[in-house]
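K.L.:
Quick one: this structure, given as structure tokens, is what I'll be asking you about.
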There are 2 protein chains.
Amino acid sequence: MNYSYISHLYCPKCLQTYAKEAIHHLCDCGAPLLVEYNLDQLAKDWKPTDLVQRKPDLWRYHELLPVQSEEHVTTMGEGMTPLLPMPALGEDMDLPHLLMKDEGIIPTGAFKARGAAVGVSKAKELGVTSLAMPTNGNAGAAWSLYAARANISSTIVMPVDAPSITRSECALSGANLFLVNGLISDAGKMVGEAVQKHGLYDVSTLKEPYRIEGKKTMGLEIAEQLNWQLPDVILYPTGGGVGLIGIYKALQELQALGWLEGQKLPRLVAVQAEGCAPIVEAWKQGKTESIFWENSRTQAFGINVPKAIGDFLILHAIYETKGCAIAVEEEAILEEQKRVARLEGSFVCPEGAATFLAARKLREENWIKKDEQVVVLNTGAGIKYPDTAEVEVPVLEPGDSLPLDASFVK
Amino acid sequence: MNYSYISHLYCPKCLQTYAKEAIHHLCDCGAPLLVEYNLDQLAKDWKPTDLVQRKPDLWRYHELLPVQSEEHVTTMGEGMTPLLPMPALGEDMDLPHLLMKDEGIIPTGAFKARGAAVGVSKAKELGVTSLAMPTNGNAGAAWSLYAARANISSTIVMPVDAPSITRSECALSGANLFLVNGLISDAGKMVGEAVQKHGLYDVSTLKEPYRIEGKKTMGLEIAEQLNWQLPDVILYPTGGGVGLIGIYKALQELQALGWLEGQKLPRLVAVQAEGCAPIVEAWKQGKTESIFWENSRTQAFGINVPKAIGDFLILHAIYETKGCAIAVEEEAILEEQKRVARLEGSFVCPEGAATFLAARKLREENWIKKDEQVVVLNTGAGIKYPDTAEVEVPVLEPGDSLPLDASFVK
């Protein structure tokens with residue numbers, strides 16, 4: 001029994017393979033690399049009941065993660081986030097079997113912690129001492145904090161428009177933080193130059209192969225939490241799309257292990273905002289790659305990614321599972337966020353709200369059937385975006401009576 | 001096997017008892033009521049191994065919680081928060097066995113979710129349809145969101161100075177939210193009047209007996225996570241002190257169940273800020289009750305409570321466990337917050353930072369010995385207080401080179 005059953009890295013485009021012992025970024029052909037495991041051996045050594053006594057974090061799946069020695073694991077207890085029934089919201093959208101995977105209940109308040117935990121741990125194992133990345137905010141926050149825990153220095157560049165709380169997180173971690181008057185693509189170029197010049201370890205989305213391994217644990221958890229009976233549909237807010245690619249990879253690995261007993265995979269849905277919908281556009285046209293989306297805009301900042309480096313993998317996962325891609329109206333996102341809070345008590349992030357909105361729309365179009373089990377990924381806590389929820393509240397003086405009337409009191 | 005082994009309510013001051021079926025607030029003598037369980041019967045019916053297969057949330061301890069029917073459980077997956085080793089910070093403060101119980105990894109981002117989950121669930125069971133409370137922010141956020149999930153309406157009053165994010169949370173939940181130009185005590189009087197006038201269910205701190213049952217699960221979890229071997233010291237940031245009272249109650253109940261095999265209870269430490277230290281003052285003088293602290297002030301807003309209604313219970317728990325109460329310097333809190341982030345990657349709340357500072361101080365005074373195992377409660381996520389971490393970050397233009405030099409790169 002090894003701690004990890006990692007075998008090697010491979011390119012999903014040209015199939016070239018790479019040894020697991022060295023540092024690798026993109027394939028020579030320019031595509032992201034994926035991790036392959038010794039699944040035949042693992043199928044013999046590992047079974048679902050082995051998980052029962054393990055801690056409720058993502059390291060319970062360490063055999064299917066790339067870190068080979070437990071001593072390199074850098075953890076803050078991330079993973080095994082709640083999978084919650086949403087009966088009132090489900091009734092409102094005529095989906096009685098609606099569930100939310102709540103990635104707000106995780107260190108740093110966003111699902112980015114999964115990628116950072118596994119990515120930083122593997123970086124430590126590979127001997128990395130300095131990493132760098134461009135970010136729309138949450139990923140930079142997660143990576144810089146996990147890097148601090150691993151005693152790795154980090155250089156982070158984010159747009160000035162990124163959520164200000166993520167700026168505080170990076171700064172507090174001791175990162176070398178810079179803002180850029182521009183987009184994440186501008187930040188990316190600046191990081192690329194610094195990586196060349198200073199020999200930093202580049203952890204831009206999919207430019208290191210291990211972040212996706214962290215993200216895939218969302219898929220492993222959904223399967224385990226549903227007692228290895230897959231849902232019919234999983235909806236995911238899609239910017240870089242690493243989570244969707246990861247969930248698809250996880251489910252394929254579980255199939256290979258024989259843990260899913262011939263079940264069909266869930267239809268995977270990539271959710272985007274109308275102001276930045278390159279994957280939706282590509283999917284509508286049946287393409288296998290997307291085109292850069294000019295002047296992209298959405299308040300769901302985490303999915304403002306005009307061209308994802310893993311677009312071909314996202315589209316492949318959608319086609320293979322008979323899923324779809326859908327764009328939601330910008331104006332309706334905050335209304336849906338409010339509805340989720342009022343009906344279910346969850347303060348979801350705008351990206352999560354967009355995803356509930358997509359479920360609603362797909363139900364209306366009958367693409368999702370009423371009796372289907374549907375999992376919506378809420379990728380972060382609403383409290384990370386304090387400005388999205390505008391509130392006006394009456395201010396009283398001490399001694400005032402509360403202006404309640406009968407209609408307030410049920 | 002009952003779902004809950006609740007027996008009745010009792011007053012810890014005058015020992016009067018109350019039936020569990022009716023709604024009760026304070027005892028006739030003015031003291032808070034506590035919940036008693038049929039521990040003799042439960043000791044026969046329940047053992048630690050029964051927990052292994054249960055979900056990682058606080059409802060795994062449902063036998064020791066007051067909700068009698070599972071259908072009334074209102075949950076967002078709260079509990080079983082990480083108990084993390086803090087080796088780098090521990091080395092820095094000469095405490096190699098330092099642990100953090102991280103209550104930031106919970107719905108609403110603060111430990112208040114525990115009290116709200118259990119309190120709202122029990123309110124639902126008792127037929128409540130409208131609740132009301134004064135709050136310093138986080139409790140109101142948690143209660144209004146859980147109430148929304150339970151379809152109970154809520155009326156919340158908080159000081160204008162309370163963290164603005166908690167205002168958004170309440171408003172988003174659909175609560176009747178009011179701000180008051182004053183302190184939580186002013187809010188309390190206004191809520192008291194409305195409770196009388198409109199027959200609302202009063203869930204002010206310790207005015208309903210069930211919040212403490214939710215909070216006590218922190219103690220149950222610490223014991224279970226350490227495999228039923230108690231730590232030497234537990235430090236807790238103390239405002240209303242419900243968590244500390246709850247942890248003490250939990251450990252006594254575990255003793256009664258025979259799960260702790262004659263172990264000594266950990267020394268419980270109440271941590272306050274110099275600007276609001278009524279419990280510290282009372283403890284120094286060996287008193288059993290505290291005196292109202294005039295003009296209280298601290299940036300650790302959650303522990304700005306000038307007179308806790310449960311002060312006698314807090315002091316009792318400290319005396320019985322040979323613990324202590326300690327006040328920390330206001331100016332040092334944010335420095336400690338930064339240190340925790342840089343060394344361990346955790347963005348703790350100011351109350352949590354104050355608690356680490358207290359551990360540091362007690363180690364310096366040798367009140368805590370080097371080889372002792374110490375648990376610090378971080379009661380919430382730092383991201384709920386975006387303004388505490390002031391950051392200055394250079395802004396660059398697209399195409400600029402990052403101004404890194406060799407000293408930046410390890």
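The values are calculated or read from the model by the stated rules, or taken from the named source; none is laboratory data. Worth saying up front: this structure is predicted, and the values here are computed from it rather than measured. Backbone-built Cβ (ideal geometry, glycine too); neighbour counts: all protein chains shown.
K.L.:
Looking at this structure, is residue A:211 within 8 Å of chain B (Cβ to nearest Cβ) and crowded, with 19+ Cβ neighbours inside 10 Å?
P.N.:
Spelling it out, it is not the case that residue A:211 is within 8 Å of chain B (Cβ to nearest Cβ) and crowded, with 19+ Cβ neighbours inside 10 Å.
K.L.:
If you go through the stretch A:374-389, how many residues are more than 8 Å from every other protein chain (Cβ to nearest Cβ) and either surrounded by fewer than 18 Cβ atoms within 10 Å (Cβ to Cβ) or basic (Lys, Arg) (or both)?
P.N.:
1
K.L.:
Scan (1) part of a helix (DSSP H, G or I); (2) within 11 Å of the chain's Cα centre (by Cα); (3) closer than 16 Å to residue B:83 by Cβ for the single condition residue B:244 breaks and write down its number.
P.N.:
Condition (3) is where residue B:244 drops out.
K.L.:
Here's a follow-up. Would you check which residues across the stretch A:72-93 are away from chain B (no Cβ under 12 Å) and not in a loop (DSSP other than H, G, I, E, B) and list them?
P.N.:
Those that are away from chain B (no Cβ under 12 Å) and not in a loop (DSSP other than H, G, I, E, B): A:72, A:90, A:92.
K.L.:
Here's another thing I want to ask about it. For residue A:229, only one of the following conditions fails: (1) more than 14 Å from every other protein chain (Cβ to nearest Cβ); (2) buried (at least 20 other Cβ atoms within 10 Å of the Cβ). What is its number?
P.N.:
Every listed condition holds for residue A:229 apart from (2).
K.L.:
As an exercise: evaluate residue A:24 against (1) in contact with a helix residue (DSSP H, G or I) (Cβ under 8 Å, 6 or more places away or on another chain); (2) touching a residue at least 24 places away in the same chain (Cβ under 8 Å) and give the number of the one condition it does not meet.
P.N.:
Exception for residue A:24: condition (1).
K.L.:
Considering each of A:270, A:223 in turn, give the residue that is in a helix (DSSP H, G or I) and either small (Gly, Ala, Ser) or in contact with a strand residue (DSSP E or B) (Cβ under 6 Å, 6 or more places away or on another chain) (or both).
P.N.:
A:223
K.L.:
Looking at B:121, B:168, can you tell me which residue is facing chain A (nearest Cβ under 7 Å), small (Gly, Ala, Ser), surrounded by 24 or more Cβ atoms within 10 Å (Cβ to Cβ) and part of a helix (DSSP H, G or I)?
P.N.:
On inspection, the qualifying residue turns out to be B:168.
K.L.:
Follow-up. Could you give every pair whose Cβ atoms fall below 9 Å, whose first residue belongs to the stretch B:119-135 and is under 13 Å from residue B:204 (Cα atoms), and whose second residue is part of a strand (DSSP E or B) and among the acidic types (Asp, Glu), counting only separations of at least 6 or pairs across chains?
P.N.:
From residues that are under 13 Å from residue B:204 (Cα atoms), the pairs are B:131/B:202; B:132/B:202; B:133/B:202.
K.L.:
When you scan the stretch B:171-190, how many residues do you find that are closer than 26 Å to residue B:72 by Cα, assigned to a loop (DSSP other than H, G, I, E, B) and facing chain A (nearest Cβ under 7 Å)?
P.N.:
Matching residues across the stretch B:171-190 total 2.
K.L.:
Could you tell me how many of the residues in the stretch B:232-241 are assigned to a loop (DSSP other than H, G, I, E, B) and either in the same structural domain as residue B:156 (by TED's automatic domain parsing) or buried (at least 24 other Cβ atoms within 10 Å of the Cβ) (or both)?
P.N.:
4
K.L.:
Check whether at least one residue in the stretch B:305-322 is of a type in the set (Lys, Arg), farther than 26 Å from residue B:166 by Cα and surrounded by fewer than 19 Cβ atoms within 10 Å (Cβ to Cβ), and report yes or no.
P.N.:
Yes: the stretch B:305-322 contains one or more residues that are of a type in the set (Lys, Arg), farther than 26 Å from residue B:166 by Cα and surrounded by fewer than 19 Cβ atoms within 10 Å (Cβ to Cβ).
K.L.:
Scanning for something in contact with a Pro (Cβ under 6 Å, 6 or more places away or on another chain), modelled with pLDDT under 95 and assigned to a helix (DSSP H, G or I), does the stretch A:196-218 turn up at least one residue?
P.N.:
The answer is no; no qualifying residue exists.
K.L.:
Tell me whether the stretch A:45-58 contains one or more residues that are closer than 12 Å to residue A:214 by Cα and touching a Ser or Thr at 6+ places or on another chain (Cβ under 7 Å).
P.N.:
yes
K.L.:
Just checking, how many residues over the stretch A:1-23 are under 23 Å from the mean Cα position of the chain (by Cα), assigned to a loop (DSSP other than H, G, I, E, B) and buried (at least 16 other Cβ atoms within 10 Å of the Cβ)?
P.N.:
3
K.L.:
Let me ask you something else. Which residue, of A:203, A:191, A:180, A:195, is free of Cβ contacts under 8 Å to residues at least 40 places away in the same chain and either surrounded by fewer than 20 Cβ atoms within 10 Å (Cβ to Cβ) or not acidic (Asp, Glu) (or both)?
P.N.:
Criteria check complete, one pass: A:180.
K.L.:
Write out, first by first residue and then by second, each pair whose Cβ atoms fall under 7 Å of each other, whose residues are 6+ apart or on separate chains, and whose first residue, in the stretch A:290-312, is over 20 Å from residue A:245 (Cβ atoms) while the second is charged (D, E, K, R).
P.N.:
A:298/A:330; A:299/A:330
K.L.:
I need the full set of residues from the stretch B:151-165 which are among the hydrophobic types (A, V, I, L, M, F, W, C) and either buried (at least 23 other Cβ atoms within 10 Å of the Cβ) or more than 8 Å from every other protein chain (Cβ to nearest Cβ) (or both), in order please.
P.N.:
Residues satisfying the conditions are B:156, B:157, B:158, B:162, B:165.
K.L.:
Can you find, within the stretch B:132-150, the residue that is nearest to residue A:402 (Cα to Cα) among those that are of a type in the set (A, V, I, L, M) and at the interface with chain A (Cβ under 10 Å from one of its Cβ atoms)?
P.N.:
Among them, the one singled out is B:132.
Residues are listed down the side, and each one gets a yes or a no for (1) farther than 23 Å from residue B:322 by Cα; (2) in contact with a Lys or Arg (Cβ under 8 Å, 6 or more places away or on another chain); (3) assigned by TED's automatic domain parsing to the domain that holds residue B:324:
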{"residue": "B:349", "(1), (2), (3)": "yes, yes, yes"}
{"residue": "B:366", "(1), (2), (3)": "no, no, yes"}
{"residue": "B:373", "(1), (2), (3)": "no, no, yes"}
{"residue": "B:378", "(1), (2), (3)": "no, yes, yes"}
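K.L.:
Considering each residue of the stretch B:124-163, count those that are among the aliphatic types (A, V, I, L, M) and assigned to a helix (DSSP H, G or I), and give that number.
P.N.:
Within the stretch B:124-163, residues that are among the aliphatic types (A, V, I, L, M) and assigned to a helix (DSSP H, G or I) number 6.
K.L.:
Of the conditions (1) out of contact with any Cys (no Cβ under 6 Å at 6 or more places or on another chain); (2) modelled with pLDDT of 95 or more, residue B:262 fails just one. Which one is it?
P.N.:
(2)
K.L.:
Mind telling me which of the residues A:202, A:186 ends up being charged (D, E, K, R) and closer than 28 Å to residue A:388 by Cα?
P.N.:
Only one candidate qualifies: A:186.
K.L.:
Now a separate question. I need the full set of residues from the stretch A:94-118 which are surrounded by fewer than 24 Cβ atoms within 10 Å (Cβ to Cβ) and away from every other protein chain (no Cβ under 12 Å), in order please.
P.N.:
Result: A:94, A:96, A:97.
K.L.:
Could you say whether any residue in the stretch A:340-359 is among the basic types (Lys, Arg) and touching a Gly at 6+ places or on another chain (Cβ under 8 Å)?
P.N.:
There is at least one residue in the stretch A:340-359 that is among the basic types (Lys, Arg) and touching a Gly at 6+ places or on another chain (Cβ under 8 Å).
K.L.:
Which condition number does residue B:48 fail, the rest of (1) in contact (Cβ under 8 Å) with a residue 60 or more places away in the chain; (2) crowded, with 18+ Cβ neighbours inside 10 Å being met?
P.N.:
(2)
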